[in-house]
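The values are calculated or read from the model by the stated rules, or taken from the named source; none is laboratory data. Since we're looking at a predicted model, the values are computed, not measured. Here the Cβ positions follow ideal geometry from the backbone for every residue, glycine too, while neighbour counts run over all protein chains shown.
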Amino acid sequence: MDRPMRQRTAAIADVPHWFVLLVVTGILVRGGVSPYLWNSIVPYQEPGGSLIVKIHPGSYLLAMLAAWVFLTKARARAALWSAAGAAAIVLTAGIGLLLGLALVRGQTSSVGYLVDSILIAPAIILCVLPMTKDQRERVVKAVIGLALANSAFSLLQVALQSHIMPFPYFTSGVGFRASGLLGHPLLTGAHHVVAVLVLQTTTASPRVKAIATAFLLLGTLAGQARVATIVSTIVVALIVLRGIRAGLASGRLDPIAFFVTAVCLVALLPTIVLAVTSSGALDRILAGLNDESARARVDVYRIFQFLSDQEYLFGTDLEYANRIMRNVLKLEHIESPFVVYTLQFGLVGALLFSLSLVAFFLLLAVTQTFHVRLAAAAYVAIALTNNQLAAKGPSLALATALLIGASRLQQQKPHRRQNAPYRRQTRQHLVASRVLPGPP
């Protein structure tokens, strides 16, 4: 094979294994090193300072890998014509629009999250798209492994009643809230519900899936994220019901054994609920949705009454808005991504970027399996109840890695082996082939 032919073959070949390893490393670093932990090393979240330290090291690695695979692999460039590739292009265009608006207005000091937490999602898509089915499953299993490690660390925090790692919130209030490795209970809830659903698309055994699902649900309870706990419970119920229906329809599930098991579980349910309640894991949920935290998600919209028409349409200084939040509305954070987008980029910019986010998730999920589509919907439902899509964090990066990684795990059916042309095995042919003895 001549050199030009070898170069063309290498350009369309599968991505090397070292590339997959580095992509997994970048995703795990982005998720496992929380913003608060990294901020204790460098001024990552502090106002002002160099732009270099405002980007997470995991984001740097993933961005460089995306650039390398785009420039060297024709397969990666061709994959941009797929629905997932279109999702990456649409979201990148939306981010470009907001960055352009920020440059025109001269207010670029508070847009670092667009690059560090949102633009990294298209980079992950570009890295994962050219991978084979086996390589994608390695990425998915690694990210699910991070979720399991996060759940274990959350349970350890609850047992010790200490966050162990840097965490500035929830020093008082109803119950102890574990922050986990991700750095925040809300991030834990969003990541775990996606991991539970994508886990069902892997090649793991049903027993492993059941144990891992229960463990991830415990991790979510440890963080006491109310919306995430409710959504996770509904998701697990749907998974169980679909599994029961499939098992009964295929005959793999004995109806009598299922009935006995169900009766035993119902009998044990009060004990399980009592144990979880006594541990304090349901304190915030049992307290209802009428506490200070829940009201803050409604009161945040009152900020618009303090803005002029021009500020409402074209945005205002975010620091000025934060002062109104703290001093007038008595709120610590803006717990709504749409409010943040409107304050920074105006109503027009917020609507256009919100549409790009909606298109991003629709394109990622439109051609996928039931579990992946449900995972995308559940993630959006949880993310819209807080500001994780408008702040520095690994939420969107981890969700994107799972959604794009799972896109081939159940869709590719094994190719049927083409049987060789049938040739009738007559006695004369077998004799000629010396399989049977000839006539005496």
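What to note about this one:
- When the stretch 189-207 is filtered for residues that are at pLDDT below 90 and part of a helix (DSSP H, G or I), the ones remaining, listed by number, are Pro206, Arg207.
- When Leu318 is tested against (1) touching a Leu at 6+ places or on another chain (Cβ under 9 Å); (2) surrounded by fewer than 20 Cβ atoms within 10 Å (Cβ to Cβ); (3) over 21 Å from Ala296 (Cα atoms); (4) not β-branched (Val, Ile, Thr), just one condition goes unmet, and that condition is (3).
- Among residues of the stretch 223-251, those that are outside any helix (DSSP H, G or I) and over 22 Å from the mean Cα position of the chain (by Cα), counted: 1
- Restricting attention to the stretch 323-341, the residues that are more than 19 Å from Leu101 (Cβ to Cβ), part of a helix (DSSP H, G or I) and either in contact (Cβ under 8 Å) with a residue 40 or more places away in the chain or out of contact with any helix residue (DSSP H, G or I) (no Cβ under 6 Å at 6 or more places or on another chain) (or both) total 4.
- Among the residues of the stretch 170-184, not a single one is assigned to a helix (DSSP H, G or I), crowded, with 19+ Cβ neighbours inside 10 Å and at pLDDT 90 or above.
- Among the residues making up the stretch 5-39, those that are in a loop (DSSP other than H, G, I, E, B), within 20 Å of Met64 (Cβ to Cβ) and modelled with pLDDT of 90 or more are Pro16, Val33.
- Of all positions in the stretch 106-129, at least one carries a residue that is within 23 Å of Ser354 (Cβ to Cβ) and free of Cβ contacts under 8 Å to residues at least 12 places away in the same chain.
- Summed over the stretch 86-105, the residues that are free of Cβ contacts under 8 Å to residues at least 40 places away in the same chain and within 17 Å of Val348 (Cα to Cα) give a count of 5.
- For Phe304, the criteria (1) among the hydrophobic types (A, V, I, L, M, F, W, C); (2) at pLDDT 80 or above; (3) surrounded by 16 or more Cβ atoms within 10 Å (Cβ to Cβ) hold in every case but one, which is (3).
- Pairs where the first residue, in the stretch 218-241, is closer than 17 Å to Gly183 by Cα and the second is acidic (Asp, Glu) and part of a helix (DSSP H, G or I), C-beta under 7 Å, 6+ apart: Gln224/Asp283
- Ser59 vs. criteria touching a residue at least 40 places away in the same chain (Cβ under 8 Å), outside any helix (DSSP H, G or I) and of a type in the set (Ser, Thr, Tyr): no
- Residue among Val158, Val140 that is at pLDDT 90 or above and assigned to a helix (DSSP H, G or I): Val140
- When residues of the stretch 192-217 are limited to those that are of a type in the set (Ser, Thr, Tyr) and touching a residue at least 24 places away in the same chain (Cβ under 8 Å), the one surrounded by the most Cβ atoms within 10 Å (Cβ to Cβ): Thr201
- When Lys413 is tested against (1) within 15 Å of the chain's Cα centre (by Cα); (2) modelled with pLDDT under 90, just one condition goes unmet, and that condition is (1).
- Any chance Tyr60 is crowded, with 18+ Cβ neighbours inside 10 Å and either under 26 Å from Leu364 (Cβ atoms) or not aliphatic (A, V, I, L, M) (or both): no
- Residue that is aliphatic (A, V, I, L, M), at pLDDT below 90 and at positive phi, where the choices are Ile244, Ile230, Ile164: Ile164
- Filter pass, Ala78 being without any contact (Cβ under 8 Å) to a residue 12 or more places away in the chain and over 20 Å from Gly346 (Cα atoms): yes
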